[in-house]
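Structure first, then comments.
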Amino acid sequence: MKDFKFDPARFIPFRDSKICAKVRAIKKEDITKHPNPDFKIRVIEEPPRFYFEFALDILTRIQRSLKEKKNLVLILPVGPTPQFQILARLINELKISCHHVHTFNMDEYADENERTAPVSWEGSFQKSIWDNFFNLIDKGLRPPTKQIHFPTTENINDYGKMIEDTGGADVCYGGIGWCGHIAFWEAHLGFEFGEDLEAYKKAGPRIVELHPITIMQNALHSFSGDWSWVPPRAATIGPAQIMGARNRSFWLDGYLGGGVSWQRFIARLVAYGPVNTLVPGSILQTVPTTYTILGGVAENCQINMK
């Protein structure tokens, strides 16, 4: 950009062009070389293996906790869900009981009046995970319904305590949003905290307004590109629930094919940019985390005008 310099668009919260250029330049062959050994980055090239490994990660924890006769508390993401369909089949084929499993969905859409989407709405995360996971597990094996939780208008102020009351989350699974969000904890929420990272990390569940980048991202991968179909708000866990989990396992699969990935840059900014409140996922660098990137996402950032 020696011959054409400009500032990022004003609606983008993180605006340090020099840092953006620095992380953009990280090559695929260097992306796993993080200075923090507890922030473990790996690349899985093929989508089938990526989703199988995702499912296997959850299955291994379910099986281990069952053998140890311990409850397993999981914070789960929802969106496109190939891993959950694979996991349901593995559970059924291996006849693994999930009666000891407690799940908490990390987020759910809400309208402009902060009413969360019901399970009957076709775009709700509740419907997605019931259709693509829980209802696919044999009835005798699936977790009891009372152990499957979703953030709602009614429980959002108590949702963090609900997780704590089960013993705390053993694992928080998740991904990284286009604006850097974790769950629906959006980039612009950082303005509320400034540089106070400790207060930021302690923030709990709330209903938030979605950032424009998130609206476009979700329209792209779940709503046929129709931004009018994406609700304007969401109920979400906060950084406190993510940081408070005993383990964090994040999976980045934002590859659309044909060399196109919406996640290539943000994957790098989250992992290698400064830890700050305007890039929510950056706080993962400060705690033990596994960060698995699909090969198409890990490819080098470049301009493609062909």
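Here, each number is a calculation from the coordinates, and none is a lab measurement. What you are looking at is a predicted structure, and each value in this text was computed from that prediction instead of being measured. Cβ: placed from backbone, ideal geometry, glycine included. Neighbour counts: every protein chain shown.
Side notes on the structure shown:
- Counted by neighbouring Cβ atoms within 10 Å, the residues K127, K202 run from fewest to most as K202, K127.
- Loop-located GluC sites (Glu not before Pro) in region 3-103, at most 12 other Cβ atoms within 10 Å (DSSP): E45, E68
- Counting every other Cβ atom within 10 Å of each residue's Cβ, F11, F265 order from fewest to most as F11, F265.
- Between 0 and 90°, nearest 10: helix 212-222 axis offset from the chain longest Cα axis: 50
- Beta bridges by DSSP in region 166-275, antiparallel share as percent, to the nearest 5: 65
- Region 17-298 - share of DSSP beta bridges that are antiparallel (%, nearest 5): 35
- By the Cα gyration tensor, region 148-306 has an equivalent ellipsoid whose semi-axes, rounded to whole angstrom, run 26, 19, 15 from largest to smallest.
- Listed pairs K69/K139; K161/K201; K161/K202; K33/K201 exceeding 22 Å between Cα atoms: K33/K201
- Euclidean distance between Cα centres, region 226-241 to region 30-48, Å: 27
- Sequence of H149, H211 once ranked by neighbouring C-beta atoms within 10 Å, starting from the fewest: H149, H211
- The three principal axes of the C-alpha atoms in region 17-298 carry coordinate ranges of 55, 43, 38 Å, sorted with the longest axis first.
- Per residue Cα convex hull volume in Å³ - calculated over region 59-125: 104
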